[in-house]
Amino acid sequence: MSSDSFKLSNSVIVAPLVAVLSIWIVFWVEMQLGINLNEYGVYPRRLSGLQGVFFSPFIHGSIEHLYNNTIPLAVLTAFLFYFYRSAALRVLLIGALVSGLLTWAIARPSYHIGASGVIYLLASFIFFKGILAKNYRLVALSLVVVFIYGSMIWYIFPVKDGISWEGHLAGFFTGLVLAFVTKIQVPEVRKYDWEREDYREEDDPFLKHFDDNGNFIESAPEEPEEKIEIKYHYKKSSDD
């Protein structure tokens, strides 16, 4: 990973914007046309229900459901494309597909809709990948995700009626697996000269500004210049 890996790029803005606009536009179309697209969600173990693997993340049952998914989706997508730019699109597409298929395989017979499975996928991947990478910036990002969205962990269990905890669990598990199998180049941690194995204090230009008692001197002692002696040899001329 190059030194500019953690720099802002267009994808950090465009990807969250596209994700948020897509779910809001679908909901707006439903409201404008007076239709209900829930039947295009994932319906487990039914062939027709496989269409929901592709469509369900864009469908939401209410404005509250939509609003609750909007901010986490935007924030986590931005995190993904900023810190894991090289693998972001691959993680998002493969993760959404696999978590959708897993939901289809394990969930209760009902229509499962919403982007929450993708949100759990992103949160899980970002958290576990940061820990595995052992890079201080990525570990810090993992802690930020835990701080902001750590309470989501409870909703991978059937603690509340009316939510697709199976979709949450599928997304969480898929993110965990992708964190292990997705290869990324971790940026090297910058080492200062004094952290290197071949470091020698006597060669450090900064330490040369201190005397033997630890007192700071404005200029390092100058090395004594070698004196150049010029010796003249006179030779008598034969004319003398």
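The values are calculated or read from the model by the stated rules, or taken from the named source; none is laboratory data. Small disclaimer: the values here were computed from a predicted structure and weren't measured. Cβ atoms come from the backbone with ideal geometry, glycine included; neighbour counts cover every protein chain shown. The accessibility values were calculated without ligands, DNA or RNA, using every heavy atom of the protein model including side chains. Shrake-Rupley method; radii C 1.70, N 1.55, O 1.52, S 1.80 Å.
Results, tabulated for the structure shown:
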| item | result |
| --- | --- |
| Packing-based order for 76-86, 159-169, using average beta carbon neighbours within 10 Å, highest first | 76-86, 159-169 |
| Tensor-based shape of the stretch 1-110 (alpha-carbon gyration tensor, a/c under 1.5 rounded, otherwise prolate or oblate) | oblate |
| Cut-off 15 Å between beta-carbons: net charge of the residues surrounding residue 179, Lys and Arg +1, Asp and Glu -1 | +4 |
| Gyration tensor (alpha-carbon) shape descriptor, the stretch 10-181, a/c threshold 1.5 | prolate |
| Mean Cβ count within 10 Å, highest first, over the residues of peptides 110-122, 50-62 | 110-122, 50-62 |
| Accessible-area ranking of 73, 33, largest first, probe 1.4 Å | 33, 73 |
| Per-residue SASA entry for residue 108, accessible area with 1.4 Å probe, Å² rounded to 10 | 110 Å² |
